[in-house]
Structure formats: structure tokens, C-alpha cells
Amino acid sequence: MEESEFFLGFITGTGIVFHPFTMGIAIGLLGLALLLMASAMISGSEVAFFSLSPVELNMLENRGTGSSRAACRLLEDRDRLLATIVIANNFVNVAIVIFSTIITDQVVDFSGSPAIGFVFKVILITFLLLLFGEILPKLHANHNPVRFTLLMAHPLVFLGNLFKPVSLLLMRSGALIFKRLSRSKENISIDDLSFALDLAAPSLKEDKKILKGIVDFGNKAVTDIMKPRIDIIAVSLSTGFNKLISVIIESGYSRIPVFAETFDDVRGILYVKDLLPHHQKGDSFRWQTLIRPPYFVPETKKINDLLKEFQTQKIHMAIVVDEYGGTTGIVTMEDIVEEIVGEISDEFDLAELYFSKLDDNNYIFEGKTPLNDFCKIIGLEHDVFDEIRGDADTLAGLILEYEGEIPEKNKIIIYKQFKFKIESADNRRIKQIRVSINRNIGV
């Protein structure tokens, strides 16, 4: 049996019947060819417009023709251009599917074998769309983007106006969904990030400290890291030059706040480097002319915002004031950076120890130890005392908040797994505290 006879026998056996070729089928095939050509041009334009290099874009701008000007206008709003291409391409592709199905049914009758008909139509339509509507035109457009762009500029302007209501609706809907998704991704709490870092490998111990510092960075106010006014070295405007030099040498600081009558009236910051050309002058030298304007910040300012202001203003020190305008402390660029990378010391820094470690569970702390530093030293989260700390920034302030008064020497205060014993105190402040930790009790 010959192959043609075998094929006809197979077709007859499956119940597939071929209809005679008519003028209607010819017109349908012509329409299908035109739709495939339109799909090819629209698909190619997507690659052409969005693969233009800076040099090719410059060529379009300098051409000055109607097509180049139309192309440049389209590229000014790339989102709308992409929406127009996608909408037009989908309309054309749907039309191709419908035409292909109608023409196939006019040429071949698959009623006797619908399964074979379904597979045939899927394969035929997929082949036509992929080869002639996607692959070939996109390959051609990728090699000739400028020519393809100029060719499709005016048609896409027409399609953009035609589909403008639909494209605007889709763009706004997409923007709204993207905004919702972005917002949901941002709603990760600091606690979640801290917990994720706790799960990191032990080998990342040092990196985890820095990462945790970054995570907590935006949540801290200047009162958490400032040096309180009781520990600040400052000078009065009436201080003589020789006395000023003595204060500078003894303190070792490079910037000194200067006040008028009291420290609540800070008039400026003296930079020690400004004194270097005048160090041999006598006590009559008017050093007050060298002070620079102070920079005041409220207690509630976040340190990440302050860091940006330091960078913008090109300053390194700010005076922290309360709601009444009184000075509560100072904060420096170094204080902020240390919240991320840890303690920074140079060869001129004197060791400023706020504590002594007796063993792994017992310490003696200075009352002025900042709470953040206290938590870092004993290896606890900075929010462990949030329930009782109130406005306290130091260990002594924490005990005052908890007790409501200045406790006497040797008084023992127990909170959770902590036992605080007052080692030294007077009628004005708590000086030293012995801290014992029972690490078998959870926080």
C-alpha cells in the first residue's frame, strides 16, 4: 500500500472530513495572514523600543523626522507605551485564535474525532503565533531596533490614543497593587528583623552585632546615646585664655561647648583647632571671637535623622535640649556611628570604664552608665527594661524610675532576673550599683 493511500485510510478511519476550498476560506486565510503580520509588528516593536541604546536614542532625537519625533514622544512615557503594546498584542492574538478556529472548521470537519481536532488546533495556533508572531519579528527587531522603531512610531501613537482608557485603567490598577505589595513588604517589625538575626550562624557573631546596630538604628532617639550634662566639659564665656588652655589639655576634647551664665544658655562650640594659631597669646586674647554657632536638637529626634543633618550641615556636635529649652546633654557624630560599629577609640582617648566585671554574672556599674551600653555589656536586648524605664537613659535613672526615690546605700532591688545593690549614693544621685544576674530565669 502506498503512503498516500495509507494516510487517506487513516483519515477516513478517524472520521475526519475535508471540505472543498472556497472563496470564504481564501478571504479568511488572507485576514489571518494580516493579523499575524500585525502581531509580528507589535511584538517586534516591544523589543525595538526597549532595547535602544543611548547612542541610538540620541540618533532618534537628532533625526528631526516625523517618525523620530513620534518615537521620542512615546519613549517619554514608557509605562504607557508598554501597556499599549501589551493590550494591542493581546487583542490581535485573540483575533488570530478565533480566525484560526473558524478557518480550520471550514477546511476540516473534526466532529467525528474532536480530540484530534482539539490537539491539531492547539498545535497549529501555537506554532503560528510563536514563529510568525513572536520569535521571527523579535529577532529581526533586535538586530534593527532603530528601523523598526521608526516604522512602528506612528501606528503605536494611533494605538495609544485608541486604547488610552484601557491602558490608563490598567496602569493605575497595577500601580495600586504594587503599592499595596510594597507596603506589606515594608511592614516587617524591628523585632522580626532582630529575631531573624538571632537565627544566623554563630560564625557571623561580629557581623550580627553590626547588623543589629543597623536594625535598631532608626528606632533610637538622641537621649539614648547622648552624654548627659553632668558629664559634659564646658566653659563659660568669662573664662580666661590661660584657664581655657588648661581645661582643653586636661579634658583632651577637640570641641568644647561654651555657655553664658549657665549651661542652659549655650552660646556656641569652640573648636580647639581654631586656637592653634593663637596658642602663644596671653590671657588678654579674646578667644570668644572664635566660637562657632551651636546646633540644637530636641530630645526626641531620631539619630538616623540627626546623622543626615550632621552630613548636610557638616558639623559633628549638637546640643540636646528639652521641651523647655534647657540643655540636657550633647551628642556627637562619633556617638551615632558607635551605635552601629561599636566603641571607637583612638590613641588619645583615655579609657572611660563605666563598669568592672567580677564574674560572668556579677558586675559593678557606675550609675551614669547609659542603658544601651549596660545592655550591650551584659549581652541583653536593649528593650529588656522598656516596662519600667520611663524616660530613664542611664542605669541610675532606671532605678530611680522603678523606686520613685533615691535609694539608700546597700539597698537591694530585684527586677526579673536582676538584683541591683546600691554600692554608693548620696542625697542627690546614685553613684555605683552592683548588678547580679540569674541567667536561669528568662527575661
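The values are calculated or read from the model by the stated rules, or taken from the named source; none is laboratory data. Quick caveat, the model's predicted, so the values are computed rather than measured. Positions of Cβ are generated from backbone atoms using ideal geometry, with glycine treated the same way; all protein chains shown enter the neighbour counts.
Test residue 103 against the criterion of being under 22 Å from residue 34 (Cβ atoms) and modelled with pLDDT under 85, and give yes or no. Taking the combined requirement at face value, the residue satisfies it. Return the pairs, sorted by first residue and then second, in which the second residue is surrounded by 13 or more Cβ atoms within 10 Å (Cβ to Cβ) and outside any strand (DSSP E or B), the first residue lies in region 277-299 and is among the basic types (Lys, Arg) and modelled with pLDDT under 85, the beta carbons are less than 7 Å apart, and the residues are 6+ apart or on different chains. Taking only residues 6 or more apart or on different chains, the pairs are 281/241.
Comparison of 249, 225 shows that the only residue that is more than 21 Å from residue 323 (Cα to Cα) and either surrounded by 15 or more Cβ atoms within 10 Å (Cβ to Cβ) or of a type in the set (Val, Ile, Thr) (or both) is 249. Residues that are under 12 Å from residue 145 (Cα atoms), surrounded by 14 or more Cβ atoms within 10 Å (Cβ to Cβ) and out of contact with any helix residue (DSSP H, G or I) (no Cβ under 7 Å at 6 or more places or on another chain) within region 51-75 comprise just one, 57. If you filter region 147-197 down to residues that are part of a loop (DSSP other than H, G, I, E, B) and either under 27 Å from residue 72 (Cβ atoms) or β-branched (Val, Ile, Thr) (or both), you find that the one that is modelled with the highest pLDDT is 163.
Conditions (1) acidic (Asp, Glu); (2) touching a residue at least 40 places away in the same chain (Cβ under 8 Å); (3) buried (at least 17 other Cβ atoms within 10 Å of the Cβ), marked per residue:
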position	(1), (2), (3)
398	no, no, yes
406	no, no, no
411	no, no, no
415	no, no, no
418	no, no, yes
426	yes, no, no
430	no, yes, yes
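Scanning region 253-311 for residues that are within 15 Å of residue 238 (Cα to Cα) and part of a helix (DSSP H, G or I) turns up 287, 288, 289, 290.
I need a count of the residues in region 43-69 that are more than 37 Å from the chain's Cα centre (by Cα) and either touching a residue at least 24 places away in the same chain (Cβ under 8 Å) or in a helix (DSSP H, G or I) (or both). Even if it seems obvious, please write down each step before you answer.
Here is the first cut: in region 43-69, the residues more than 37 Å from the chain's Cα centre (by Cα) are 62-69.
Then drop every residue that is not either touching a residue at least 24 places away in the same chain (Cβ under 8 Å) or in a helix (DSSP H, G or I) (or both), which leaves 62-63, 65-69.
Within region 43-69, residues that are more than 37 Å from the chain's Cα centre (by Cα) and either touching a residue at least 24 places away in the same chain (Cβ under 8 Å) or in a helix (DSSP H, G or I) (or both) number 7.
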